[in-house]
Amino acid sequence: MPSQSRLRTGTPDTGRPREACGIFGIFAPGEDVARISFFGLFALQHRGQESAGIAAASRGGSISIHTSMGLVSQAFREGDLEALKGDIAIGHTRYSTMGAPKRANAQPILARGPNVTLALGHNGNVINASDLRNELTGWGLSFDGSSDSEVIAQLYANAPARNWPDRSAYCMRRLRGAYSLVMMTGTELVGVRDPLGIRPLCLGKFGDGYVIASESCALDHIGAELIREIEPGETVVIDQAGVHSFVWPGARSQHAMCVFEHIYFARPDSILDGKRAYATRLAMGAELARLHPVDVDLVIGVPDSATAAAVGYSRESGTPYGEGLVKNRYVGRTFIQPDQKLRDLGVQLKFNPVPEAIAGKRLVVVDDSIVRGTTTPRVVKLLRKAGASEVHLRICAPPIISTCHFGVDMGRMTELIAAQRSVEQIRAFVGADTLGFLDMPGLMRAVDVDDNRYCRGCFTGIYPIPVQLDMDKLQLERPTAVAAPKPIGVRS
């Protein structure tokens, strides 16, 4: 049964982990920055489908913002983009991991402080947002929404600092968790990656201007050139004089980026940690083939996220690859939910088998993960109904035994099937003939690291910083105690 928090999001329970957001920013005087941001966000739509927004400003002018619920293509009309004039713009597409999916939580968010007025877009999750919000409320600040992103925006706007290095240093000492940020003032575009580097962020060149984005695929779509990935704890400030960079001394020397970016979240054509995600997923499939070989007739992937891994499995095993499932790519992109009777009809809403490709065949079916186990049994049942004689599941992630606290909605501990059952029990539950997960050494070989450069907390229960094991994404929806008033600028 889906948790109450997921029932309130307005998107079907797909059994998949859901990412937080996609962020985009551009500094390009003389260009149509709002329209460019629209297409940048379009390339990042996979990172969030609940709301979208763009903020823009001419040099030294006030910031204009347009936000709306729904997909990027639904959120903007031609007139909305034409009204967002300027030389600088930031954009955001959201999936909520803290705060309900409502208009008040849509981004970018505007925040005003004594030394700066800024707009902000955020990807990630700050785990001490409730405490910080109480403190900021005690300073006399008010909040319109219930997201951790608004807490970050207010903290940056009201930090006791007059320049970006000091502002980011103050905020990085206070914030705990994951935050890749794009911010803008009337004269500057700013990108920030948290000291752990949990969520990706990259810098690109666009003509005489610059672009900051969650993934390099957004740069490709607008014709920008990737310069580099932004480092953990780095603040990049772009203004008329060029690019200025500052790294907080307390940042890690190596990132603790979420390894699920490689497994599932990032688009396969994006570059993460210097490697194309497609190549990494090919390697995951090859590792699976070596770890869990089986005599079959055909390898198929659950589209689209496991397609590359299925190709890798096929190449390594020498077994032909085929397309046995067709995906309806627009399921989960609507706010109209099927009722329980339609839900009970199964996963036909999302996948449809190709009987001519799989009838009478022994299949290896490669998928990216099993989180709650809600979708996988339906996929297996569909394939058997279409005539598959055997179904052998291969998963290119280790079993998920713990929740994520850094910007991924995986559900509560009690909903994670691998936290409650053994691999054999999961196999029996989903109805597969065999089930094999990629192990941690194989995953690390696939992403080509031999150190602790990635967060693997959902697989190990060990996180880069201490966390509360069961957090509520709607915690800021409820009234909380207010800290004693403190003058703005006084540090705790």
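Every number here is computed from the coordinates shown, using simple stated rules; none is lab data. Note that the structure is predicted; figures quoted are calculated from it, not measured. Heads up, the Cβs are rebuilt from the backbone with ideal geometry, glycines too, and the neighbour counts pull from every protein chain shown.
At a 10 Å Cβ-Cβ cut-off, how would you order L81, L203, fewest neighbours first?
L81, L203
Order these by the 10 Å Cβ neighbour count, fewest first: T319, T117. Write down the numbers at each step before the final one.
Details: T319 20, T117 15.
Ranked by crowding around the Cβ, least crowded first: T117, T319.
R276 to N134: FRET efficiency via 1/(1 + (r/R0)^6), r the Cβ-Cβ distance, R0 45 Å, to the nearest 0.05? Could the numbers behind the result be given before it?
Numbers: r = 43 Å, r/R0 = 0.96.
Plugging the Cβ-Cβ distance into 1/(1 + (r/R0)^6) gives 0.55.
Set the Förster radius R0 to 60 Å, insert the Cβ-Cβ distance between D448 and S73 as r into 1/(1 + (r/R0)^6), and round the FRET efficiency to 0.05. Before the final figure, lay out each step's value.
Working: r = 36 Å, r/R0 = 0.60.
The formula returns an efficiency of 0.95 here.
What does the extension gain come out to for R421 and Q45, with contour length at 0.36 nm per residue minus their alpha carbon separation?
So the chain would gain 132.0 nm between R421 and Q45.
To the nearest 0.05, how large is the calculated FRET efficiency for I462 and V243 if R₀ is 60 Å and r is the Cβ-Cβ distance? All intermediate terms of the calculation are to be shown ahead of the outcome.
Details: r = 36 Å, r/R0 = 0.60.
Efficiency computed from Cβ-Cβ geometry: 0.95.
Give the Debye-formula value of log10 I(q)/I(0) at each listed q (0.16 Å⁻¹), with one equal scatterer per alpha carbon of the range 4-256, two decimals each.
-1.14
With unit charges on the beta carbon (Lys/Arg positive, Asp/Glu negative), name the residue among A52, I23, S149 whose Cα is farthest towards the positive pole of the charge dipole of the range 4-256.
The one lying farthest along the dipole's positive direction is S149.
Stretch N328-K205 to full length: gain in nm at 0.36 nm per residue minus the Cα-Cα span?
40.8 nm
Sum up the lysine pairs in the range 276-460 that clear both bars: alpha-carbon distance under 18 Å and a spacing of 8 or more or different chains.
Going through the range 276-460 pair by pair, I get 9.
In what order do T187, T280 fall by count of nearby beta-carbon atoms within 10 Å, going from fewest to most?
Details: T187 16, T280 25.
Exposure proxy ranking, most exposed first: T187, T280.
At 0.36 nm per residue, and after removing the present C-alpha to C-alpha distance, how many nm does the segment from D304 to A359 gain when stretched out fully?
Numbers: separation 55, 0.36 × 55 = 19.80 nm, distance 2.14 nm.
Extra length from D304 to A359 when fully extended: 17.7 nm.
In nm, to one decimal, how far is the D144 label point from the A83 one, both placed 7 Å along Cα→Cβ?
1.3
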